[in-house]
Amino acid sequence: MSVNCQNNKLIRWVEEIEALCKPEKVYWCNGSAREYQDLMAQMVKAGTGIPLEKRKESFLFRSDPTDVARIESHTYVSTRNQENAGPNNNWISPDELKKTMSDLYDGCMAGRTMYVIPFSMGPIGSPLAKTGVQITDSPYAVVNMHIMTRVGDRVIEALGADGEFYPCLHSVGAPLKPGEEDVKWPCAPMEKKYISHFPEENLIWSFGSGYGGNALLGKKCLSLRIASVVARREGWLAEHMLLLRLTSPEGRQYHVAGAFPSACGKTNLAMITPTMPGWKAETIGDDICWMKILPDGRLHAINPEMGFFGVAPGTSVSTNPVAMKMLQSRTIFTNCALTDDGDVWWEEMGLPAPARAIDWKGRDWTPESKEAAAHPNARFTVPISQCPTEFSGWDHPDGVPIDIIIFGGRRGEMMPLVHEAFDWEHGVFMGASASSETTAAIIDRNGNLMPPQVRRDPFAMLPFCGYNMGDYFQHWFEMGDRLGSKAPRIFYVNWFRKGEDGRFLWPGFGDNSRVLKWMCDRVDGKAGARESAIGMMPEAKDLDLSGVKVSPEALEVLLSVDSAAWSEEIKDIEAFFMKFGDHYPERLEKQLKALKGRLSV
Ligand code: OXD
Ligand code: MN
């Protein structure tokens, strides 16, 4: 047991899980650097972790080929009443799901160590922070949790005798028989994988997968699915958003929160290098943000995490030079390719492909090979403290006051570069009607990558909202009522619009700062905009485009509303909203009607 643990509820829960999962031994994590090193050494000895000669204190892991991403089809929100989970979640009744999973958990840790990880999401002691305790039989999950959260004794101390914690149970679901040799990446077959949430008990049970959000339970499971329910209960917001601080040449600061679906360049935007002279951007978070109205009446945000779990392929010196520097040392890589000289490589890294490598499945690879060397959802895990653009006050307990909220997605057609909401209520409509083309962070129930398709992804929260999304929309309206004139301004962006030749029309990356500058100027009442059917939009003259290579024709497309395409889009939005039946807020219907009126459809 942890030497310090005074919390009887926690001690009892750990004993109960030990009795159920029957591990060989139990180990309470203290969060020390020594613990991290010992676990890494143990995994290197077992052949699971591969030290990288070219990157100091960095390691490569390869997952089982069937265990490579979040599995939305095996993710459940289990409430007594199905309606509370809503049409946006898979649902099984708590009794049935607990029965099925208890049978799976019975003896599932045989031959393994059961790790108890006390962790804090958010600065310990912050009014915005929450404590979790993850039990897992995966040492890989432990080292990743060390980077992604605040782990260890100081959490146990803060918990005290009767502090509340969120129990998060995880097992890879691969018990070992006496004398049986372990595989490199133990996991259960697809039909036994479950990522389950019981919001009425603030409880998480995950079984069968060792990858990413399925195994690092502080992230999507706690900080989004469970936290979103708690946030509604307690009157705050738990969001799938990056956090960024911008400073103008005059020294004025703006704090931006941005919601984008997986792999829409959220990490790149969080680490943006502005191309406009004098502008500075600092990183606070790249994935999750918790926002609360503090006594000054403003919406304050923290990043509850402590590290980045980013998608490697596509990260390059041109798309994200900051991340490339950050990954030079003390990084865990998963499912990247391994080069002969002991480095990692991935597609679109901006470096020539090695003549020979070992691919993510551990096979010999050459540029002639048919398959990609790195899995498209290959990842890096790295502490935020290594980010060269880290904002030094990023973990202030009161967070930062938000000026600007951005929604967005990946749309090759239809969606203009940027538009601004008329007011908060219109902004909620923008968030609720957001959509994107899907990417590699999701696999279907057969373990195949989802083919790219446009899906509605409100607030980029479709896979992460732990309750009925109709009620979530209503919660956003009510937050606006409380914020009144202190509400942040809301914008919608699309960096991915393509021309007829299939090429992107907007240069993106550092030049996205030009769009951010327009937003800042709008906040200060300094930039022009014209009213369109879908919101306030800049004209070319309102954007700072000095030195950008965009043709006037491209700009014309990027800054206009394609009414015919929008009329089609409206049908899809409406059909989506209708799924929420009685939970569909009247105020959203009012927004939809108003948009139809403006588009004359
Ligand atoms: C992520 C995701 O990994 O959104 O952040 O899928
Ligand atoms: Mn994410």
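The values are calculated or read from the model by the stated rules, or taken from the named source; none is laboratory data. Everything numeric here is computed off the predicted structure, so don't read it as measured data. Using ideal geometry, Cβ is built from the backbone for each residue, glycine included, and neighbour counts are taken over all protein chains shown.
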For this session: Take the residues in segment 538-547 that are surrounded by fewer than 20 Cβ atoms within 10 Å (Cβ to Cβ) and at pLDDT 95 or above, then tell me which one is nearest to residue 597 (Cα to Cα).
Result: 539
For this session: Would you tally the residues in segment 205-234 being among the small types (Gly, Ala, Ser) and either within 12 Å of the chain's Cα centre (by Cα) or within 16 Å of ligand 2 (Cβ to nearest atom) (or both)?
Result: 7
Exercise. How many residues are closer than 13 Å to residue 113 by Cβ and either in the same structural domain as residue 111 (by TED's automatic domain parsing) or buried (at least 18 other Cβ atoms within 10 Å of the Cβ) (or both) when one looks only at segment 28-51?
Worked result: 5
Seminar exercise, completed: Only unsatisfied item for residue 196, checking (1) within 24 Å of residue 256 (Cβ to Cβ); (2) touching a strand residue (DSSP E or B) at 6+ places or on another chain (Cβ under 6 Å); (3) not acidic (Asp, Glu), is (1)
Exercise. Does segment 238-246 include one or more residues that are buried (at least 24 other Cβ atoms within 10 Å of the Cβ), closer than 22 Å to residue 294 by Cβ, more than 16 Å from ligand 2 (Cβ to nearest atom) and outside the structural domain of residue 122 (by TED's automatic domain parsing)?
Worked result: no
Seminar exercise, completed: Within segment 481-515, residues part of a helix (DSSP H, G or I) and either surrounded by fewer than 21 Cβ atoms within 10 Å (Cβ to Cβ) or out of contact with any Asp or Glu (no Cβ under 8 Å at 6 or more places or on another chain) (or both) come out as 481, 482, 483, 484, 485, 486, 509, 510, 511, 512, 513, 515
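To keep it simple, each residue is scored yes or no on (1) closer than 23 Å to residue 44 by Cα; (2) under 19 Å from the mean Cα position of the chain (by Cα); (3) crowded, with 22+ Cβ neighbours inside 10 Å.
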{"position": "133", "(1), (2), (3)": "no, no, yes"}
{"position": "150", "(1), (2), (3)": "no, yes, yes"}
{"position": "168", "(1), (2), (3)": "no, yes, yes"}
{"position": "171", "(1), (2), (3)": "yes, no, yes"}
Problem set entry | Neighbours by Cβ (under 6 Å, 6+ apart or cross-chain): first from segment 504-529, within 17 Å of residue 403 (Cα to Cα); second modelled with pLDDT of 95 or more and part of a helix (DSSP H, G or I) | 527/518; 527/521; 527/542
Problem set entry | Selection within segment 295-321 - surrounded by fewer than 19 Cβ atoms within 10 Å (Cβ to Cβ) and aliphatic (A, V, I, L, M) | 317
Exercise. Here are 292, 266, 280: which of them is away from ligand 2 (no atom under 11 Å from the Cβ), among the basic types (Lys, Arg) and under 25 Å from residue 462 (Cα atoms)?
Worked result: 292
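Rundown of residues vs (1) at pLDDT 95 or above; (2) assigned to a loop (DSSP other than H, G, I, E, B); (3) surrounded by 23 or more Cβ atoms within 10 Å (Cβ to Cβ), yes/no style:
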site	(1), (2), (3)
397	no, yes, no
407	yes, no, yes
412	no, yes, no
415	yes, yes, yes
428	yes, no, yes
Exercise. If you check residue 557 against the conditions, is it within 29 Å of residue 486 (Cβ to Cβ), aliphatic (A, V, I, L, M) and not in a loop (DSSP other than H, G, I, E, B)?
Worked result: no
Exercise. Would you say residue 101 is touching a Cys at 6+ places or on another chain (Cβ under 8 Å), aliphatic (A, V, I, L, M), more than 19 Å from residue 329 (Cα to Cα) and touching a residue at least 12 places away in the same chain (Cβ under 8 Å)?
Worked result: no
For this session: Return yes or no: is residue 442 at pLDDT below 95 and either over 26 Å from residue 127 (Cβ atoms) or crowded, with 20+ Cβ neighbours inside 10 Å (or both)?
Result: yes
Exercise. On the given criteria, is residue 357 away from ligand 1 (no atom under 16 Å from the Cβ) and buried (at least 18 other Cβ atoms within 10 Å of the Cβ)?
Worked result: yes
Problem set entry | Residue match in segment 156-164 (condition: in a strand (DSSP E or B) and either in contact with a helix residue (DSSP H, G or I) (Cβ under 9 Å, 6 or more places away or on another chain) or in contact (Cβ under 8 Å) with a residue 24 or more places away in the chain (or both)) | no
Exercise. Does at least one position in segment 366-386 carry a residue that is surrounded by fewer than 20 Cβ atoms within 10 Å (Cβ to Cβ), more than 16 Å from ligand 2 (Cβ to nearest atom), in contact (Cβ under 8 Å) with a residue 60 or more places away in the chain and in a loop (DSSP other than H, G, I, E, B)?
Worked result: no
